[in-house]
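Undergrad: Submitted below is the structure of interest, expressed as structure tokens.
Values quoted throughout were computed directly from the atomic coordinates according to the rules given, and no laboratory measurement underlies them. These figures come from a predicted structure and were not determined experimentally. Note: ideal-geometry Cβ built from the backbone for every residue, glycine included; neighbour counts use all protein chains shown.
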Amino acid sequence: MSIRRTIYTLLILGMTATFGLSCSHSHDDHDGEHKDVAAARQTGTEAGHEDEITMSHEAIELAGIKTETVAPAPFSYVIKTGGRIQSPSGMQGVVTAKASGIVNFTNKTLATGTPVSAGQTLFTISSRGMEQSDGQQTAAINLQLAETELKRAEELVKDNLISKREYEKIRSNYANAKALAQGVAVRGATGAVGASSPVGGYITAVNVSQGQFVNQGDLLATVSQNRRLHLRADVSERQWENLGAITGANIVIPGNDKGAVDLSKLGFRMVSSQMPDLTQSHYVPVIMEFDNPGSLRNGSVVEVYLLSSPRNGVISLPKSAIIEELGQHFVFAEVHDHVYKRIPVSIGTSDGIRVEIRSGVKSGDKIVTEGVQSVRHAENGGKLPAGHSHNH
């Protein structure tokens, strides 16, 4: 009996040990599984937010951050080229210094776009010590000769014996002579000589500043009789067939951070496009006309984006939304309230104001269009939410 009892006891102890080991192993496994799940959840949370940028409401307001909801829309076919701003021929006058001295503005707000009338004194030039009598006599004689020539030209132009351009030149000479005579009279009374506009119109350029010293003959300002300006662009002859569909143009002044100017909002009109002799040139001169908004100067070189044949269903964003970094392009999307994320994009054509987006964003995405640099700064150096990190 003792032997059987001993064997029975050993069997019981063996089963107990086996069960204990099994349970111990199972608890360890469960604990490990719980830890693995917790770690997986924690890693998944970090992976989902590690590249997000969180900004406070105050920071967003201060930076002026604004977004645009992406939506497909028409986007014009674009012909990009260079061009130059021109005043229409025969419709421009210049204001020059009639003596050497210090310039003073008669109108402190004189600037491009300011309307002026013919004969209006725009500047006075202090030139003390100059002889008055000889100057007054010479100016009076020149005015009389110019007036006689103008009267003769008025008769000739009626009979088409002289061109309109010749007539405008003679009329401008008379206006200059009249302005000079008036200026000399002012100088005789005040010790300063006036500089007046030879024509009525709009200031298109101011070439001096208050208190500046000028020499006789220096250009002070330019006046256009008409607020209309011309834009000449030379387009590759390969684009000849597309010129008939031009409906507008955007221009960008290099170095000007005010952005592109939409000429379609300024009475844009195509004037001419004539195929040249291709043995001399492979470019087509295109002339366009538009209203001067007051910020464009005659002779300015500009980037030109000619617009035609719109394509439908194109996703595009303002140029301000896109950042280039090491040859790659990206935008910032608002993924949640106050939370942004960098999105790589592939770009296409630009019309000077917007850029075609070929891939990277979709309809309905909210993309930052203003305050982009502030979001970028927050990405590079802003505080991160606890437990998250950025990989640059």
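Undergrad: Specify whether the C-alpha gyration tensor of the stretch 139-236 places it in the rounded, prolate or oblate class, a ≥ b ≥ c being the square roots of the eigenvalues: rounded for a/c under 1.5, otherwise prolate if a/b is larger than b/c and oblate if not.
TA: Values: a/c = 2.88, a/b = 1.11, b/c = 2.59.
Judged from the Cα gyration tensor, the stretch 139-236 comes out oblate (a/c at least 1.5, b/c at or above a/b).
Undergrad: Now, a different point. Given axes a ≥ b ≥ c from the Cα gyration tensor, I'd like to know whether the stretch 208-326 is rounded (a/c under 1.5), prolate (a/b larger than b/c) or oblate. Don't skip to the answer; put the middle values down first.
TA: Values: a/c = 2.01, a/b = 1.36, b/c = 1.48.
Oblate is the answer for the stretch 208-326, as a/c is 1.5 or above yet b/c matches or exceeds a/b.
Undergrad: Per residue of the stretch 258-268, in order, report the coupling 6.51 cos²θ - 1.76 cosθ + 1.60 (Karplus, θ = phi - 60°) as ³J(HN,Hα) in whole Hz, putting x for Gly and Pro.
TA: 7, x, 6, 9, 8, 6, 5, 8, 10, x, 4
Undergrad: Which far-off residues, 5 or more places away or on another chain, put their amide H under 5 Å from the one on G200, with H placed in the peptide plane?
TA: A118
Undergrad: Roughly how many debye, to the nearest 20, is the charge dipole of the stretch 270-377 about its Cα centre, given +1 on each Lys and Arg Cβ, -1 on each Asp and Glu Cβ, and no other charges? It would help to have the intermediate numbers written out before the result.
TA: Values: 10 positive and 12 negative charges, 75 e Å.
In debye, rounded to 20, the stretch 270-377 gives about 360.
Undergrad: Starting at the first residue of the stretch 351-366, write each ³J(HN,Hα) from the Karplus equation 6.51 cos²θ - 1.76 cosθ + 1.60 with θ = phi - 60°, in whole Hz, x for Gly and Pro.
TA: 9, x, 10, 10, 10, 5, 10, 7, 7, x, 10, 9, 4, x, 5, 9
Undergrad: At a 10 angstrom cut-off on C-beta neighbours, averaged per residue, how do the peptides 343-356, 69-82 rank from highest to lowest?
TA: On the way: 343-356: 18.0, 69-82: 15.6.
Ranked by mean Cβ neighbours within 10 Å, highest first: 343-356, 69-82.
Undergrad: Go through K98/K265; K164/K258; K98/K164 and tell me which ones have a Cα-Cα distance over 32 Å in this structure. Show your work: numbers first, answer last.
TA: On the way: K98/K265 39 Å; K164/K258 38 Å; K98/K164 27 Å.
With Cα atoms farther than 32 Å apart: K98/K265; K164/K258.
Undergrad: Can you tell me which of 171-180, 332-341 comes out highest on packing, and rank the rest after it, using the mean Cβ neighbours within 10 Å?
TA: In descending order of packing, they fall as 171-180, 332-341.
Undergrad: Using each residue's phi in the stretch 233-238, evaluate 6.51 cos²θ - 1.76 cosθ + 1.60 at θ = phi - 60° and report the 3J(HN,Hα) Karplus result to the nearest Hz, with x for Gly and Pro.
TA: With the stated coefficients, the stretch 233-238 comes to 10, 9, 10, 4, 4, 5 Hz.
Undergrad: Moving to a separate point now. Please give me the summed charge of the neighbours of T369: other residues whose Cβ is under 14 Å from its Cβ, Lys and Arg +1, Asp and Glu -1. Before the final figure, lay out the partial values.
TA: Numbers: positive: K66, K319, R354, K366, R376; negative: E68, E334, D365, E370.
After counting each charged neighbour, the total is +1.
Undergrad: Now a separate question. Skipping prolines and chain starts, which residues have an amide H placed within reach, meaning under 5 Å, of the one on V302, given they are 5 or more residues away or on another chain?
TA: Those qualifying (amide H under 5 Å, at least 5 residues apart or on another chain) are G83, R84, I85.
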